[in-house]
Amino acid sequence: MYILGVSAFYHDAAAALIKDGKIIAASQEERFTRIKHDSALPFHSIDYCLKEENLTPDKLDCVVFYDNSLLTLDRYYSSNYKYPFISLNFYHHLIWVESMREFYKLE
């Protein structure tokens, strides 16, 4: 099973390829772009990981993102727009409440 892990839109964007629980390849995007703490989508790192195993994207079983995508979107808009038209930080609290409800077996 091939799993591609992606980290982006915060700082130090990177990608890693795992095969059957073992790390095959991993790289930070700044190694290719020469931009310190590059936060862009790590196209170069993803390409590097796939080439290390001679894979094409259709051979991947799973692609995972390191963070809650709603929180990442919230951080992105908060950082790039003076008056963000969307604020999703409340989802963090909803997720926390839901997890506690399950933990304490509440109805």
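Residues that are aliphatic (A, V, I, L, M) and modelled with pLDDT of 90 or more were ranked within the range 51-67; the one that is surrounded by the fewest Cβ atoms within 10 Å (Cβ to Cβ) is 63. For the range 14-25, give me each residue that is hydrophobic (A, V, I, L, M, F, W, C) and out of contact with any helix residue (DSSP H, G or I) (no Cβ under 7 Å at 6 or more places or on another chain). If the condition is that a residue be hydrophobic (A, V, I, L, M, F, W, C) and out of contact with any helix residue (DSSP H, G or I) (no Cβ under 7 Å at 6 or more places or on another chain), then 18, 23 are the ones that fit. Select from the range 1-12 the residues that are part of a strand (DSSP E or B) and closer than 24 Å to residue 71 by Cβ and write down the one among them that is modelled with the lowest pLDDT. Result: 7. The set of residues in the range 5-30 that are exposed (fewer than 14 other Cβ atoms within 10 Å of the Cβ) and in contact with an Asp or Glu (Cβ under 9 Å, 6 or more places away or on another chain) contains only 11.
The values are calculated or read from the model by the stated rules, or taken from the named source; none is laboratory data. Quick caveat, the model's predicted, so the values are computed rather than measured. Cβ atoms come from the backbone with ideal geometry, glycine included; neighbour counts cover every protein chain shown.
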